[in-house]
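Shown next, in structure tokens, is the structure this report addresses.
Nothing in this text is a laboratory measurement; each read-out follows from the coordinates by a stated rule. Keep in mind that what you see is a predicted model, and the values were worked out from it rather than measured. Here the Cβ is made from the backbone with ideal geometry for all residues, glycine too, and neighbour counts use every protein chain on show.
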Amino acid sequence: MYKYVFFDLDGTLTQSEFGIMAAAVRALNHFGIETPSKEILKKFIGPPLYVSFHDFYGLSDEDSEEAIKIYREYYVKEGVYQTPLYPGIKELLKALKDSGCTLMITTSKPETMAVTVAKNDGIFEYFDAIIGPALDEHDPNKAILLRRALKALGTDESDKEFLKNCIMIGDRFYDIGGAREVGIDSVGVLYGYGTEQELMEAGATYIAKEVSDIRDIILK
């Protein structure tokens with residue numbers, strides 16, 4: 001059994017597409033960028049905002065900062081509350097806590113916003129910590145966040161025995177790649193916003209088609 005479980009937030013615990021895509025459309029329209037399709041907008045779910053605007057849409061550093069500002073003006077007022085849980089998530093978290101697991105959220109969403117989402121969705125109480133970047137961090141990859149989570153637990157990636165008890169749950173290759181870099185196992189979930197191909201190519205230890213599969217993997 002894995003004892004320390006690190007969860008991604010968007011696309012793993014919450015259906016975050018509604019608020020994220022609405023905020024992204026407002027920011028892109030501000031720069032005269034035609035509203036892309038829903039499938040393309042899903043690129044905003046997972047990576048840091050700066051990466052989405054700068055790398056995916058070619059905005060300059062200055063324009064990327066402005067886009068993030070416009071995005072957040074909407075998101076903090078409305079989008080942050082448009083994040084319903086996937087069915088079965090509360091039951092999963094309760095089962096893991098009851099089995100003695102330590103649960104953490106490690107997300108590229110700014111930590112203050114992640115806390116708001118967790119509280120609004122009624123899952124805040126299940127987590128021992130919520131780890132996310134500061135509002136002014138541009139590219140906090142998942143490995144950096146996982147190292148912060150390990151530090152919060154009083155250890156680091158040099159403790160290989162400890163790492164055997166840790167697992168990362170996420171829906172995108174960012175999550176799986178971060179877990180591999182740090183040296184822990186991972187679960188790629190298929191009900192989120194990534195594809196099985198990207199999760200397998202990233203090196204996921206396990207694949208979960210449904211939320212219930214996560215419980216079986218961790219408590220096997």
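Summary of values
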| quantity | calculated |
| --- | --- |
| D (Stokes-Einstein, µm²/s), Kirkwood Cα radius, the chain, 1.306 mPa s at 10 °C | 91 µm²/s |
| Fluctuation leader among N29, N165, N120 - the chain, Gaussian network, Cα springs under 10 angstrom | N29 |
| Förster radius 22 Å - calculated FRET efficiency between Y81 and E181, Cβ distance, rounded to 0.05 | 0.10 |
| Helix-derived mean residue ellipticity, 222 nm - over the chain, DSSP H n ≥ 4, -39500 (n - 2.57), to 500 | -12000 deg cm²/dmol |
| In order through region 78-92: 3J(HN,Hα) via Karplus (6.51 cos²θ - 1.76 cosθ + 1.60), integer Hz, x for Gly, Pro | 10, x, 5, 9, 9, 9, x, 6, 5, x, x, 5, 4, 5, 4 |
| Folded to 0 to 90 degrees: helix 61-75 orientation relative to the chain principal axis, Cα | 70 degrees |
| Alpha-carbon centroid distance for the pair region 24-45 / region 109-139, whole angstrom | 24 Å |
| FRET efficiency, 1/(1 + (r/R0)^6) with R0 35 Å, evaluated for A22 and T205 via beta carbons | 0.55 |
| Proximal charge balance of E210 [Cβ under 14 Å; K/R count +1, D/E count -1] | -3 |
| For F44, net neighbour charge (Lys/Arg +1, Asp/Glu -1) across residues whose Cβ lies under 13 Å away | +3 |
| Residues of region 154-190 with amide N under 19 Å of a point placed 7 Å along Cα→Cβ from K3 | 154-169, 183-186 |
| Nearest-ten-degree value, helix 142-152 long axis tilted from longest Cα axis of the chain | 50 degrees |
| Set of aspartates and glutamates with alpha-carbon distance to K142 below 14 Å, sequence-local pairs under 8 removed | D8, D10, E111, E157, D171, D175, E181, D185 |
| Between 0 and 90°, nearest 10: helix 173-182 axis offset from the chain longest Cα axis | 50 degrees |
| Loop-resident sites, region 57-133, for trypsin sites (Lys or Arg not before Pro), counting at most 15 other Cβ within 10 Å (DSSP) | K77 |
| Prolate/oblate/rounded label for region 37-77 (Cα gyration tensor, a/c 1.5) | oblate |
| Calculated FRET efficiency for the pair S212/H30, C-beta based, R₀ 45 Å, to 0.05 | 0.60 |
